[in-house]
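The values are calculated or read from the model by the stated rules, or taken from the named source; none is laboratory data. Just so it is clear, the model here is predicted, and its values are computed rather than measured. Positions of Cβ are generated from backbone atoms using ideal geometry, with glycine treated the same way; all protein chains shown enter the neighbour counts. SASA here: full protein model, heavy atoms, side chains in, ligands and nucleic acids out. Shrake-Rupley method; radii C 1.70, N 1.55, O 1.52, S 1.80 Å.
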Amino acid sequence: MAKIFSEKPQPDKGQIRLHTEEGRYALAGFLLGIAFPALATFIKFIQLHLPLNLSSILMLHRTEPLLWIIDTAPLFLGLIAGIAGKRQDDLLETNDKLLNWENDLKSIQANLEQLVADRTNELQQRNSQMRSTVYLARQIAGVEEPTALPEKAVELITQHFKHYSAGLFLLDEDGKTVILQAASSEGGRKLLNQGFNINVGGQTIIGRAVERAKLYTAQISPGGSWSANGDPEVSKAQSEIALPLVARGKVIGVLDIQSEQPQAFDQNEAEVLQLLADQVAASIDNARLLNKSHAFVSNLESLATQQTLSTWTEYLKNQKLVYQYTPVGVKSITADPTPKKNSGLHIPLLLRGQEIGSITLQRKDTIHFSRPERDLAQKVSLQVALALDNSRLLEETRQHAVQEQTVNEISARFNRSLDVDTLLQTAVRELASLPEVSEASVFLMPSDEDKNKKIKLNQSLSK
């Protein structure tokens, strides 16, 4: 910030004039006052016709008291003139002070105008950086592929911020090193092909930025950049800033930017670049989560497809359902429903990507089915597949309900039995009443400790 007031002492012009104007006025008044006694003495000499000599002057002044009063005129006139000169000096001094204050005010005004201009330029530059940051954030957020996002980020940053180069590192799975994922300089791209990485921590600002989750700036000595290996123009980089990439409270990498200018990254630009780094980190994290979500959904779809295939294979294991509509009505057939070539329209019944059946349509004439008719048949086949699956689920639900009801009824009958023999007889009777059960037996076996006293109770019922 420029200094408003100058610290250099200024000479006091009023003090210089104090000895000139006041003394000059006093001397002029004294000399003017001498003219009065001289003129009065000369007039008396003429009136009295006295000779003009010193003794006559002394004798005249002893005899004329009025001349005594006139002789004091130089003193009073000199004193009055000196007072006037002092007033004049005071006025001149005040005027000089006012002039000095005016100069100071002009200097303050000039400094304030310079400060306003500097601040305006700074705000304009910051607004420009913020607009670039918002634009870059939108461009980066639009990239959904994690592998393409780092390259896009360093390219946009280098173009819009006009820096020498940029590199993006991501933390590996063990959290001990950061691996170069994208670089905008020639040397950086060579290192990218070599799998360049930097240890977390250590002496590099990249390692410290990842370890401590805070940005670092540094001046680069010739050949001291991480991208010096293989870069013929590495001497251009003179300053560097490492910005941590933080997503959901965890460091996932670092964004390193190098500039050709020394001390290129001030506090304002560092803050703007950190905002951009946060957006890059969020975009990378979102892209990773999106890929995981897609993979999870794909696995779910695959499992659903496999489950659908397994369920319908088991459902149709011992049965083959084929129905045909003819002018005489609907009938069940056992013929192979696979259509032959050029034998009408074949529409598969697809359920979660699996074919569980098909619909075959044939016309009375030889005219081919039109595109709208095929689309209509396709839509109908989707609804038929869903309806069949719903019907199967309803049937399974009913079966489970019947089983639960049967279990509850058997349990109720068991609870009414008062002794073991009656309970066993009830058990085999109820089990034998189940469908497809021809014989039911219940055995009671003692524990190993009672093998010497083994008792076997056998209750059996055959249909």
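Please work out the FRET efficiency for the pair LEU27 and ASN121, using the Cβ-Cβ distance as r and a Förster radius of 51 Å; give the result to the nearest 0.05.
0.25
With contacts defined as alpha carbon pairs under 8 Å and 6 or more residues apart, what's the relative contact order of segment 345-422 in percent?
26
When ligands, DNA and RNA are left out and all protein chains stay put, how many square angstrom of accessible area per residue does segment 299-411 have with a 1.4 Å probe?
Normalised by residue count, the accessible surface of segment 299-411 is 80 Å².
Might you work out the accessible area of LYS86 for me, using a 1.4 Å probe with all protein chains in place, and round it to the nearest 10 Å²?
Solvent-accessible area, nearest 10 Å²: 70 Å².
Once the Cβ-Cβ distance between ALA387 and ASN286 is put in as r, and R0 is 41 Å, what FRET efficiency do you end up with, to the nearest 0.05?
Between ALA387 and ASN286 the formula returns 0.55.
Show ILE257, ILE83 ordered by accessible area, largest first, where the area counts protein heavy atoms only and the probe is 1.4 Å.
In descending accessible area the options line up as ILE83, ILE257.
Just reorder LYS214, LYS379 by solvent-accessible area, largest first, 1.4 Å probe, all chains present.
If we order LYS214, LYS379 from most to least accessible, we get LYS379, LYS214.
So, taking all protein chains as they sit and a 1.4 Å probe, how much accessible area belongs to ARG374, in Å² rounded to tens?
Its heavy atoms expose roughly 100 Å² to the probe.
For segment 89-106, just list the computed ³J(HN,Hα) in residue order, Karplus coefficients 6.51, -1.76 and 1.60, θ = phi - 60°, integers in Hz, with x standing in for Gly and Pro.
5, 5, 5, 5, 5, 4, 5, 5, 5, 5, 5, 5, 4, 4, 5, 4, 5, 5
Please give, to one decimal in nm, the separation of the simple spin-label points placed at LEU423 and LEU58, each 7 Å out from Cα toward the Cβ.
So the two model labels end up 16.9 nm from each other.
With each label point set 7 Å from Cα along the Cα-Cβ vector, what nm distance links GLN261 and LEU303?
5.6
What percent do you get for the relative contact order of segment 76-208 when only Cα pairs under 8 Å and 6+ apart count?
12
For ILE356, ILE80, what's the largest-to-smallest order of accessible area, 1.4 Å probe?
From most exposed to least exposed: ILE80, ILE356.
Classify segment 281-402 as rounded, prolate or oblate, taking a ≥ b ≥ c as the square roots of the eigenvalues of its Cα gyration tensor: rounded when a/c is under 1.5, otherwise prolate if a/b is larger than b/c and oblate if not.
oblate
For VAL297, what accessible surface area do you get with a 1.4 Å probe? Give it in Å², rounded to 10.
For VAL297, the solvent-accessible surface is approximately 70 Å².
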